[in-house]
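What follows draws every value from the coordinates through simple rules; no lab data is involved. If you're wondering where the values come from, they're calculated on a predicted model, not measured in any experiment. All Cβ positions, even for glycine, are placed from backbone atoms using ideal geometry, and neighbour counts span all protein chains on display.
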Amino acid sequence: MRDVAVPEYPLLKIPVPYQYRIREDGVQGSGGDGNSLAVGAGATVKRRRRESSQVVEEKEDCKRARVVSTAANTPRPRDGESEAGCESGAEEDVRKAILLSAAQQILGAGPETSSAAVAAVSSGASASGAVAIAGDVVEETLPLSPLASPSVGTPRAEDGGGDENMRAVSQMYTNDVVSMVRSELPPVCYKNLLFQLVSSLDRKELSDLGTLIRDNLKRDFLSSLPLEIVLKILTNLSFSDIAQCLRTCKRWNELINSTPHLWRQLLLTESFVSKENFAKYSSRLPSKYPQIRHEEDGYQLDFLENCRVLQNWYNPDFVPQRTTLRGHMTSVVTCLQFEDDYVITGADDKVIRVYDAQKKQFMLELTGHDGGVWALKYDGDGVLVSGSTDRSVRVWDIKRGCCTHVFKGHASTVRCLDIVEYKNIKYIVTGSRDNTLHVWKLPREPSAVTQEWPLVYNTPEENPYFVGVLRGHMASVRTVSGHGNIVISGSYDNNLMVWDIAQMKCLYILTGHTDRIYSTIYDYKRFRCISASMDTTIKVWDLQNIWNNGTCTVVTSSLAPCTKISGSMCTLQGHTQLVGLLRLSDKFLVSAAADGSLRGWDSNDYSRKFAYHHSNLSAITTFYVSDNLLVSGSEGQFNVYNLRSGKLVHSNILRDADQIWSVNFKGRTLVAAVEKDGQSYVELLDFGIAANAENPGNV
């Protein structure tokens, strides 16, 4: 005799989830199992049984009255409306009894009332009326399954065929039963019922149910929205979310890949490019990716490349390819610039050395200064400005490899300089140990083939590029920072001065530091001045509304009157020794001190964000920061931090260096000027290539 295959019910042995269990009082509780529904709702079921019996008896009485009245040809009652209402109400009650009977059969309440329901149906209950009940419940439901169930219409073996009349009732009143059960049962009871029903399905039925659910959950909501709104949604997503969208469906993938604006926004939100530098960045993409036709076609390519490189930065096991190049004759590198593909260093050996960061090789040496080079500023298009202990300012053309102009006028070392642009004219602002600042126009005339270089101007009076002198400091000018027509200088006289170079006058004198000022930043986006001092503090001044600072008084002298501000908007504390270095990114303000620590604050509200300490506690000599990375150097230590996670990633990349003098990074390339065994070297670390890849060699 052939064995009969018994259907499997995969979910039948799984207990009812905790949140769907019912206590005897009908309230969600901690005890019970899947069968507790009948107990928890027992009182309700018994009550409905009694009500159903009463309704059936009233219906039978009404029917008997109608039969007697018809047989005796008795006239209808005058109140015809009341009779019709009674009749329709009785039919409605019978139909409810049938539905409750079916629900009780589903709930396992027993067949007591099911016979009454069958009798009611046999006596002429209207199915069309039952359908009306389902229509009264306005609710969104899932459509019918697109696949026909193999088991539909086939009774299971253990059912034994069932009662034919009851099956007919169930098929006729299925929708009514569902609507009534959902409306009559408490939510927790209803969920329990659904769980019991799903638990009793075999594998084939579960497969059909799974197909139905999956097909109805697959809804492309983006296709129903205007394109402008779709782009607005996508541009507010992080790249991890965009990566998931790319894998969702073909249409989403095509939409994202064909939207350059989205990739442009990702470049900005992931801090790979700043808004002010985006135009310059875009112009370089065609040369970087020759296969693209338009600049915007390179946004996606470059974004993905930046993501790959950033993952290498964040990987503690990744060792970048390292190229070591010879440096200056002296061991100390005083200044470094890394712009375009140029790495430019200055030192006390009176020369400026230029390296090609892309080819990873030495390019040329610029000579002409009679003293050490202590200040450098690259302007772009190969133009470089330097300041020296020989008291001169020189303008260089790297592409031609020569000095084009020499400006003289300072009476002592040119210690700091900056380049600002105002009304399409660029100005060089230099600070000196002679307590003054000089302002010069940056030469931009076309080159002449017969011109003899450099053009030397020994006095300001004979110099057509000389603008004027800014006087006011009582000690050496240590730092200068500017943008547009506003320039801020910090001095060893403990004060800062805010200048307007368009009017060549002092606007504000900022007092509050109690010791020498070593670093200043003009945060022109927020109209604030930030300074760091030997008094171990960082101070922030509000230049947009000066009354947000301390006391304001008018200072009159032989020069133009200006406003003296005593006290700052806020003071940032935490360092214990000289704070000599400051840098500002879009997200962070970072300071470094002689106590071996780096501290970070939010660039908007100056709340504390992080603090790092070099393990050897030696003074931080250099650091560079972006929104994603922080690189710092000191004596015998070089660290790379992940600012997204706050973790130290690399600490042994340059473990053979005795001293780190200067660092800078951009994209995949990190540049460090180091001292090893008393010699100067420039290290180029390529985070786009692993160390085991082919190395161009050391020079």
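A few remarks follow.
- Cross-link partners of LYS399 among lysines (Cα-Cα below 26 Å; sequence separation of 8 or more within a chain): LYS280, LYS288, LYS350, LYS359, LYS360, LYS377, LYS408, LYS426, LYS441, LYS666
- Packing rank of 231-242, 339-350, where each peptide gets the mean count of other beta carbons within 10 Å, highest leading: 339-350, 231-242
- Neighbourhood net charge (11 Å Cβ-Cβ; Lys/Arg +1, Asp/Glu -1) for GLY409: -1
- Summing +1 for each Lys or Arg and -1 for each Asp or Glu among the other residues whose beta-carbon sits under 9 angstrom from that of LYS609 gives +2.
- In this Cβ point-charge picture (+1 for Lys and Arg, -1 for Asp and Glu), region 224-313 has a dipole of about 100 debye about its Cα centre.
- Förster-model FRET efficiency, 60 Å R0, ARG644 and THR459, C-beta, rounded to 0.05: 0.65
- Charge context of ALA592, other residues only, Cβ under 9 angstrom, K/R +1, D/E -1: +2
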